[in-house]
Amino acid sequence: MPTLNEADHLSATLRRLHQHRERSGQQTVAGAVAATDSYEVIVVDGGSTDGTQDIARRLGARLISCTRGRARQMNEGARHARGQSLYFLHADSLPPVDWLRQLREHGPLPCCFRLRFAGQEGMPLLRLYAAFTRLDVQAFRFGDQSLWVRREDFEAIGGYAADWRLLEDNELIRRLRRHCGGFRILAGSVTTSPRKYLRFGFVRTQLVYVLLYTLYRLGASQDVLTAVYARLLRT
């Protein structure tokens, strides 16, 4: 789990990950998902100054410090993980309550969950955007949906492109599809924060994401994508 100043969301996410252990009576330390009920939770922090690191320690996560950059941080977490399966999750996203069971039972293909937004019941556009993630279309595959992959497949394709700042998840999944011969979307949903949509507006935010994805598929560099993102969604 890569973090950077995620104190407002990290507690809820870590508690959700630990719920499985509490129900089953497991006392092992939890993160990258192993093939058994034993798992560990690894938080890779990029220099938080808001208490994120203290929360990670207090709630039983294994804390690793790393140079800021989500792709770089996730690679670092994978490098330290002890399991043969890896589960990447954003700090503001809650996996399904039965996340571990679904991941253990689905098979060897890399996979993710569907997406829903917190509070989307009263926001029709967000419900529509979330519904698109049920489709097996590459344009709808992003990191908020989390990602499970076998370590051997992750390492075979070289992990995340460490210098990517945007769309690193989509790019990784494209390579995983080719390498593994497929990809699967599980029935459960990850619940993520709609904070960007609430700040900048539903239509504007979604149109910016469409623009970024289109530029990416047309071959735009990370510098171009980052500049567009900064101009339109960091003002």
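Structure notes:
- If you go through segment 18-43 and pick out every residue that is buried (at least 21 other Cβ atoms within 10 Å of the Cβ), modelled with pLDDT under 95 and not small (Gly, Ala, Ser), you end up with 2.
- Pairs, first over 15 Å from Trp164 (Cβ atoms) in segment 213-235, second part of a helix (DSSP H, G or I), C-beta under 7 Å, six or more apart: Leu232/Val208; Leu233/Lys196; Leu233/Phe200; Leu233/Thr205; Leu233/Val208
- Criterion: surrounded by fewer than 18 Cβ atoms within 10 Å (Cβ to Cβ) and either modelled with pLDDT of 95 or more or on the phi > 0 side of the Ramachandran plot (or both) - qualifying residue of Gly46, Gly51: Gly51
- Those strands (runs of 3 or more DSSP E) of segment 47-152 in which 3 or more residues are within 17 Å of the chain's Cα centre (by Cα) and closer than 19 Å to Ser193 by Cβ occupy 111-117.
- Residue under evaluation Asp98, criteria (1) more than 23 Å from Tyr216 (Cβ to Cβ); (2) surrounded by 16 or more Cβ atoms within 10 Å (Cβ to Cβ); (3) not β-branched (Val, Ile, Thr), criterion not met: (2)
- Pair list, Cβ under 7 Å, 6 or more apart: segment 126-149 residue more than 22 Å from Leu166 (Cβ to Cβ), other residue open to solvent by 60 Å² or more (accessible area, probe 1.4 Å) and part of a helix (DSSP H, G or I): none
- Segment 136-175, subset of a type in the set (Lys, Arg), touching a helix residue (DSSP H, G or I) at 6+ places or on another chain (Cβ under 8 Å) and more than 10 Å from Cys112 (Cβ to Cβ), residue most open to solvent (accessible area, probe 1.4 Å): Arg165
The values are calculated or read from the model by the stated rules, or taken from the named source; none is laboratory data. Here the structure is a predicted model, which means the values were calculated and not measured. Backbone-built Cβ (ideal geometry, glycine too); neighbour counts: all protein chains shown. SASA here: full protein model, heavy atoms, side chains in, ligands and nucleic acids out. Shrake-Rupley method; radii C 1.70, N 1.55, O 1.52, S 1.80 Å.
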